[in-house]
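Trainee: Following this message is one structure expressed as structure tokens.
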Amino acid sequence: MKKSILKDNLKTLFLTKDMLRSLSDENEEAINKSITRWIKSGDLVKLKNGLYISKENVDSYSSTEGFTELIANKLRTPSYVSLEYVLSKHGILTEAIYTVTSLTLKTGRKYSNPTGEYIYKNIRKELFTGYTAMRFLNYTYYIATKEKALFDYIYFSIDTLPEDLENINLVEELRLNMKSFKKKELVKLQRYAKISKNKKVIKIIENIVKNASN
């Protein structure tokens, strides 16, 4: 298979084996050899088995807002970017987070490829909400609002948080920067807690909301 196929299809950001197969009249063995050869030469980047992107597109878009989040969505579908990654993006967690964290209706999984590290956690269907659709080129990706990302973070950290919250300020304990939160966002945060029907989560969110303006 000619390498020019990669250049001819740059507008198609993601390449699958089925797509490459449709562009060639070669047999399966020859197509597999071409894919392996392009990966070794650095012309093609393997995101996961069967999903690829040209190195030229990685170089063009790797520093563009939304590129990494789009890849996260494509690696595991359905999913949305959330947790530490989104909290760090909004400055709610002070430390920088480089691993892209997402939630999915499927089983949890980890992926590592030349574009980054990606972690997925499974979440119940009724809590698979609170995300926004964003556009990157002709693609759509999904990312949590900051209040949903905070809820998700608490929800998945519940076992490490104290049971007795009397005289505890969790905003300080967790070193959360809550200055950017508006009242309506805090209301939504409490709404997600109620949807969870987890008494401990509800109490923790109440503590955070109470201390958010301190």
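Quick note: the coordinates plus some simple rules give every number you see, no bench work behind them. From a predicted model like this one, the values you see are computed outputs, not experimental measurements. FYI the Cβ positions are ideal-geometry reconstructions off the backbone, even for glycines, and counts take in every protein chain you see.
Trainee: Over the chain, with a Gaussian network built from C-alpha contacts below 10 Å, which listed residue (Tyr139, Tyr85, Tyr118) shows the highest mean-square fluctuation?
Mentor: Maximum fluctuation in the GNM of the chain, among the listed residues, is at Tyr139.
Trainee: Any chance you could get the radius of gyration and Dmax over the Cα atoms of the stretch 158-214, in Å?
Mentor: Reported Rg and Dmax, both Å: 11.0, 28.
Trainee: Relative contact order (percent) for the stretch 1-128, with alpha-carbon contacts under 8 angstrom and 6 or more residues of separation? Could you put the intermediate results ahead of the total?
Mentor: Numbers: 165 pairs, mean separation 22.6, N = 128.
Worked out over the stretch 1-128, it gives 18 percent.
Trainee: Stretched out fully, how many nm does the piece from Thr77 to Leu23 gain, at 0.36 nm a residue minus the Cα gap? Don't jump to the answer; show the numbers that get you there.
Mentor: Working: separation 54, 0.36 × 54 = 19.44 nm, distance 2.49 nm.
Gain in length upon complete extension: 16.9 nm.
Trainee: Which percent, nearest 5, of DSSP beta bridges in the stretch 71-214 are antiparallel?
Mentor: Working: 15 of 21 bridges.
Percent antiparallel among DSSP bridges in the stretch 71-214 is about 70.
Trainee: On to the next question. Quick one: 3J(HN,Hα) in Hz for the stretch 78-88, Karplus 6.51/-1.76/1.60 with θ = phi - 60°, rounded, Gly and Pro as x.
Mentor: Values, residue by residue: x, 7, 9, 6, 7, 6, 4, 4, 6, 4, 5 Hz.
Trainee: Report the equivalent ellipsoid semi-axes for the chain in whole Å, largest first, defined as the square roots of five times the eigenvalues of the gyration tensor built from alpha carbon atoms.
Mentor: 41, 16, 14
Trainee: Still on this structure: Tell me, what is the FRET efficiency for Glu126 and Thr94 to the nearest 0.05, using R0 = 45 angstrom and their Cβ-Cβ distance as r?
Mentor: Numbers: r = 31 Å, r/R0 = 0.69.
It comes out at approximately 0.90.
Trainee: Could you work out which residue, out of Gly66, Gly91, Gly50, moves most in a Gaussian network model of the chain, that is, has the largest mean-square fluctuation with Cα springs under 10 Å?
Mentor: Gly50
Trainee: Then there's this: Which whole-angstrom value gives the distance between the alpha carbon centres of the stretch 36-83 and the stretch 97-152?
Mentor: The stretch 36-83 and the stretch 97-152 have Cα centres spaced 15 Å from each other.
Trainee: Give, in nm to one decimal, the length gained when the segment between Ser213 and Phe14 is fully stretched (0.36 nm per residue of separation minus the Cα-Cα distance).
Mentor: Working: separation 199, 0.36 × 199 = 71.64 nm, distance 4.40 nm.
Gain on stretching Ser213 to Phe14: 67.2 nm.
Trainee: Can you give the net charge of the other residues whose Cβ lies under 12 Å from the Cβ of Pro78, counting K and R as +1 and D and E as -1? If you can, show how the numbers build up before the last one.
Mentor: Details: positive: Lys74, Arg76, Lys106, Lys125; negative: none.
In short, +4.
Trainee: Would you work out the charge dipole size for the stretch 12-61 about its Cα centre, treating the Cβ of every Lys and Arg as +1 and the Cβ of every Asp and Glu as -1, and quote it to the nearest 20 debye?
Mentor: Values: 8 positive and 8 negative charges, 50 e Å.
Charge dipole of the stretch 12-61: 240 debye, to the nearest 20.
Trainee: Using helices alone, I'd like the mean residue ellipticity at 222 nm for the chain: each DSSP H run of four-plus residues gives -39500 (n - 2.57), total over residue count, nearest 500. It would help to have the intermediate numbers written out before the result.
Mentor: Values: 10 runs with 91 residues, N = 214.
After summing the helix terms and dividing by the residues of the chain, the value is -12000 deg cm²/dmol.
Trainee: Length gain on complete extension for the stretch Met134 to Arg109, per 0.36 nm per residue less the alpha carbon to alpha carbon distance?
Mentor: Numbers: separation 25, 0.36 × 25 = 9.00 nm, distance 2.32 nm.
This chain segment gains 6.7 nm when fully extended.
Trainee: Using θ = phi - 60° and the Karplus relation 6.51 cos²θ - 1.76 cosθ + 1.60, list the HN-Hα couplings for the stretch 99-114 in order, rounded to whole Hz, with x at every Gly or Pro.
Mentor: Each residue of the stretch 99-114 in turn: 6, 8, 9, 9, 10, 9, 7, 8, 5, x, 6, 10, 10, 9, 8, x Hz.
Trainee: If each of Ser63 and Asn177 carries a label point 7 Å out from its Cα toward its Cβ, how far apart are those two points in nm?
Mentor: For Ser63 paired with Asn177, the spin-label model returns 2.2 nm.
Trainee: Using 5 Å bins from zero, what percent of all Cα-Cα pairs in the stretch 12-61 falls into each bin?
Mentor: P(r) over the stretch 12-61, rounded to whole percents: 5, 21, 32, 26, 12, 3, 1.
Trainee: Hey, another quick one. Report, ordered by chain and residue number, the lysines lying within cross-link reach of Lys199, taken as a straight Cα distance under 23 Å and ignoring same-chain residues fewer than 8 apart.
Mentor: Cα-Cα hits under 23 Å: Lys121, Lys125, Lys146, Lys148, Lys183, Lys184, Lys188, Lys210.
Trainee: Sticking with this one: Using Cα pairs closer than 8 Å and at least 6 residues apart in sequence, work out the relative contact order for the chain, in percent. List each step's numbers first, then the result.
Mentor: On the way: 289 pairs, mean separation 32.3, N = 214.
It rounds to 15 percent for the chain.
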